[in-house]
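> My questions all concern the structure below.
The values are calculated or read from the model by the stated rules, or taken from the named source; none is laboratory data. Everything quoted here is computed from the prediction, not taken from an experiment. Note that we place each Cβ from the backbone using ideal geometry, even for glycine, and neighbour counts take in every protein chain shown.
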Amino acid sequence: MAEMDEHHDDEDSGPIGIFPSWRWVYWSVVIYTLVVIAVLWGFTVAFNHSVG
Amino acid sequence: MTGIDWSVFAVYFGGVLAFAWYQSRKNVGVEGYFLANRRLPWAAVGLSVMATQASAITFIGTTGQAFDEGMEFIQIYLPQPLVMVLLCVLFVPFFYRAKVYTAYEYLENRFDAKTRSLTAFLFLVSRGLAAGLVLYAPAIVLSVIMGWDETVTILIMAAVTIAYTLMGGITAVIWTDVVQMLMMFVGIGVALFILFTTLPSGVGVGDVAYIGGIQEMWTSIDWSWDPSNRYTIWSGMIGGFFLALAYFGTDQSQVQRYLTASSLKQSRLSLIFNAFVKVPMQFFILSIGVLLFVFYHFEQPPLVFNNAEVAVVMESERAGDYRALEVEQTQIHGERRAATLDLLDAREVGDQGRIAELQRAIAGQDEALVELRQDAKAIVADVRGAASNDVNYVFPSYIIEYIPVGVLGLLIAVIFAAAMSSLDSELTALSSATVIDFYKRWFNAGATDDHYLMVSKISTFVWGLLACFVALYAGQLGSLIEAVNQVGSYFYGSLLGVFLLAFLVKSANGNGAFLGLVAGMSSVFALSLVTEIAYLWFNVIGTVVVLAVGIAVSAVTGGRDGGGGAAPA
């Protein structure tokens, strides 16, 4: 992650949509992945009705 | 299929060809044909990346897999968002700034010609055959389920795909991929909606979740370390990470897509789009399979969904055994249906004792029915002399039996769209590697742009014909194709190792990369012969061996300047 902002072209720097920089985009994806895993784990537990 | 279904189908094919023709007018020269003159927006590129990965077998095979085994397959997709970040940070800037046409061309800039040629050759061999399988797999399923002629199905799919790829090159391919991917989204939504509407009245979302949960069909995360379990969070996050990184980062059919973007920023955005959308899409596709599992608690499913295999069994001396299993299945299914309806009533009144009793009964009946299905598939395997691939027939069998007029045409068109959107990408990728990495590099370096454009189109056409040939003879080539596919999985991780060596190890040279690649592939091949390691781990092992050998050989042969890194053509 330390290298994330090293490779910037002129057109590639600055805000990316609602994000201030690419670094924010990348960290959002990492957090998104963790949230997805947490949600799927919750899903696994909540809908497990096995009798064994 | 009715007239309305055929009309939907005809509109799809006509629309794709007309749209491709419209887009093709914007192409100029070889750069236009292979890279759309590097001017496409991120949304189109992102949808094309997704459509290329989602073949027809993704659509029909994974639904069948979820029907049999539940949601656990989703774990293999969980690292993909992280892979997209790594691609954006590490891979895309190198490819984009080098202004290359192919991923392998970059390797000559960084290492030498022999490393470029070996990696490009490995890509051509594996993807050349895979293109045939992209056509063959859905054609065989549709021929069995719809009664269509397999050869005609293959030829129609191939002819239309080759036509629009030749006409418009990568521009037509990417824009038709956009349409085809949007059709797949609609198809997934429609399939889920229809599945809910074909459940008995009064059965709601909560009931579906509950019934699926009795057999743990919604289990999406498995934290166990059991190495014999194919899909756990660990094999998914580690093995799946390396597999996805190798596929998206080194396979020309994907690299070519993000090289068409109008800027580095657009290229990265196309991958970030995939990071957010891919996992939910797979979740919904797998949910179709679990919904089918619940649906068949109320409607009796066939023991084996591939009716061609059943017909063969019925002509054999094992027909009596198969019929006996069917009788037993009818009885157990009837009991399970009654118990399921009773369970829903008991839940409504909150009778906990009765709920527990019925859950146990249903769990036992589920297991008995799974065993009967295994026994039936064993009979099929015994009669045919080959294992049954029934998983691919579960969803198509449902849509032909229960989907209403008009929607059936749409869903069959979606299966075609999934196949064609993968095949068109393979054809442009194969053609670009053939022309740029071999023809132009080794045989004819100084020709005009028009000449290369003509050779590129001839190459696309020849690869299309080869894909047709492989698809038409895939049945007879069975074990050969399986072997080649298996060998393909041996070098994916090794290819990734070479690219990581190029990006991360400044002292690595051409000899290190080349010998590392050979050592990586050999190690994985040797391990596959003497161990039972699951295929996902081959990618990790291959990558590590290439890096280790590559670094060592580079050090011994004098570092970056000692490896014969010839100037690029």
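> I'd like the residue in segment B:199-213 that is surrounded by fewer than 16 Cβ atoms within 10 Å (Cβ to Cβ) and either touching a Cys at 6+ places or on another chain (Cβ under 8 Å) or in a loop (DSSP other than H, G, I, E, B) (or both) and, out of all such residues, is farthest from the other protein chains (Cβ to nearest Cβ).
Going through the qualifying residues, I end up with B:201.
> Quickly run through segment B:343-381 and pick out the residues that are of a type in the set (Gly, Ala, Ser), surrounded by 15 or more Cβ atoms within 10 Å (Cβ to Cβ) and more than 20 Å from residue B:68 (Cα to Cα).
B:346
> Quickly run through segment B:217-236 and pick out the residues that are modelled with pLDDT of 90 or more and within 16 Å of residue B:283 (Cα to Cα).
B:217, B:218, B:219, B:220, B:221, B:222, B:233
> Same structure again: Quick check on my filter: what residues within segment B:100-153 are crowded, with 23+ Cβ neighbours inside 10 Å and in contact with a Gly (Cβ under 6 Å, 6 or more places away or on another chain)?
Answer for segment B:100-153, where residues must be crowded, with 23+ Cβ neighbours inside 10 Å and in contact with a Gly (Cβ under 6 Å, 6 or more places away or on another chain): B:111, B:115.
> Of everything in segment B:180-198, what is β-branched (Val, Ile, Thr) and assigned to a helix (DSSP H, G or I)? Give them in sequence order.
Correct list: B:186, B:188, B:190, B:194, B:197.
> Would you pick out the residues in segment A:12-21 that are at the interface with chain B (Cβ under 9 Å from one of its Cβ atoms) and either modelled with pLDDT of 95 or more or surrounded by 14 or more Cβ atoms within 10 Å (Cβ to Cβ) (or both)?
Matches in segment A:12-21: A:12, A:16.
> Hey, which of the helices (runs of 4 or more DSSP H) in segment B:232-311, taking only ones fully inside, have at least 2 residues that are closer than 22 Å to residue B:197 by Cα and touching a residue at least 24 places away in the same chain (Cβ under 8 Å)? Explain how you work it out, then say what you get.
Working: elements: B:240-250, B:252-259, B:264-295.
Passing ranges, in order: B:264-295.
> Say whether the condition of being of a type in the set (Phe, Trp, Tyr), in contact (Cβ under 8 Å) with a residue 40 or more places away in the chain and in a helix (DSSP H, G or I) is met by at least one residue in segment B:52-62.
yes
> So, in segment B:279-319, of the ones that are more than 22 Å from the chain's Cα centre (by Cα) and within 14 Å of chain A (Cβ to nearest Cβ), which residue ends up surrounded by the fewest Cβ atoms within 10 Å (Cβ to Cβ)?
B:293
> Answer yes or no: is there a residue in segment B:352-367 that is away from every other protein chain (no Cβ under 14 Å) and either within 37 Å of the chain's Cα centre (by Cα) or over 17 Å from residue B:64 (Cα atoms) (or both).
The answer is no; no qualifying residue exists.
> Okay, moving on. Take residue B:219 and tell me if it is over 25 Å from residue B:543 (Cβ atoms) and away from every other protein chain (no Cβ under 13 Å). Give the steps one after another, and end with the answer.
Values: over 25 Å from residue B:543 (Cβ atoms): yes; away from every other protein chain (no Cβ under 13 Å): no.
Taking the combined requirement at face value, the residue does not satisfy it.
A quick yes/no check of all residues on (1) under 23 Å from residue B:503 (Cβ atoms); (2) more than 9 Å from chain B (Cβ to nearest Cβ); (3) at pLDDT 90 or above:
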{"site": "A:2", "(1), (2), (3)": "yes, yes, no"}
{"site": "A:7", "(1), (2), (3)": "yes, no, no"}
{"site": "A:10", "(1), (2), (3)": "yes, yes, no"}
{"site": "A:23", "(1), (2), (3)": "yes, yes, yes"}
{"site": "A:30", "(1), (2), (3)": "yes, no, yes"}
{"site": "A:37", "(1), (2), (3)": "no, no, yes"}
{"site": "A:50", "(1), (2), (3)": "no, no, no"}
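> When you scan segment B:433-475, how many residues do you find that are part of a loop (DSSP other than H, G, I, E, B) and either modelled with pLDDT of 95 or more or of a type outside the set (Val, Ile, Thr) (or both)?
Residues flagged as part of a loop (DSSP other than H, G, I, E, B) and either modelled with pLDDT of 95 or more or of a type outside the set (Val, Ile, Thr) (or both) within segment B:433-475 amount to 5.
> Let me ask something else. Would you check which residues across segment B:52-99 are among the β-branched types (Val, Ile, Thr), more than 24 Å from residue A:50 (Cβ to Cβ), crowded, with 22+ Cβ neighbours inside 10 Å and away from chain A (no Cβ under 14 Å) and list them?
B:52, B:60
> Related question: Would you confirm whether or not segment B:228-239 contains a residue that is of a type in the set (Ser, Thr, Tyr) and either more than 21 Å from the chain's Cα centre (by Cα) or over 30 Å from residue B:474 (Cβ atoms) (or both)?
Looking through segment B:228-239, at least one residue is of a type in the set (Ser, Thr, Tyr) and either more than 21 Å from the chain's Cα centre (by Cα) or over 30 Å from residue B:474 (Cβ atoms) (or both).
> Could we say that residue B:10 is modelled with pLDDT of 85 or more and part of a helix (DSSP H, G or I) here? Outline the logic, then answer.
Details: modelled with pLDDT of 85 or more: yes; part of a helix (DSSP H, G or I): yes.
Yes, satisfied.
> Would it be correct to say that residue B:163 is surrounded by fewer than 20 Cβ atoms within 10 Å (Cβ to Cβ) and in a helix (DSSP H, G or I)?
Answer is yes for this residue.
Residue-wise test of (1) closer than 30 Å to residue B:367 by Cα; (2) of a type outside the set (Asp, Glu); (3) more than 9 Å from chain A (Cβ to nearest Cβ).
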{"site": "B:224", "(1), (2), (3)": "yes, yes, yes"}
{"site": "B:235", "(1), (2), (3)": "yes, yes, yes"}
{"site": "B:263", "(1), (2), (3)": "no, yes, no"}
{"site": "B:268", "(1), (2), (3)": "no, yes, no"}
{"site": "B:277", "(1), (2), (3)": "no, yes, yes"}
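> List the helices (runs of 4 or more DSSP H) inside segment B:330-432, counting only whole elements, that have at least 2 residues being more than 21 Å from residue B:216 (Cβ to Cβ) and without any contact (Cβ under 8 Å) to a residue 60 or more places away in the chain.
Because the criterion is at least 2 residues that are more than 21 Å from residue B:216 (Cβ to Cβ) and without any contact (Cβ under 8 Å) to a residue 60 or more places away in the chain, the helices (runs of 4 or more DSSP H) in segment B:330-432 that meet it are B:352-384.
> Looking only at segment B:190-227, how many residues end up being closer than 30 Å to residue B:492 by Cα and without any contact (Cβ under 8 Å) to a residue 12 or more places away in the chain?
4
> Take residue B:252 and tell me if it is within 26 Å of residue B:56 (Cα to Cα) and either away from every other protein chain (no Cβ under 14 Å) or crowded, with 16+ Cβ neighbours inside 10 Å (or both).
yes
> Restricting to segment B:478-508, and then to whatever is modelled with pLDDT of 85 or more, touching a Phe, Trp or Tyr at 6+ places or on another chain (Cβ under 7 Å) and not aromatic (Phe, Trp, Tyr), can you tell me which residue is farthest from residue B:384 (Cα to Cα)?
It comes out as B:502.
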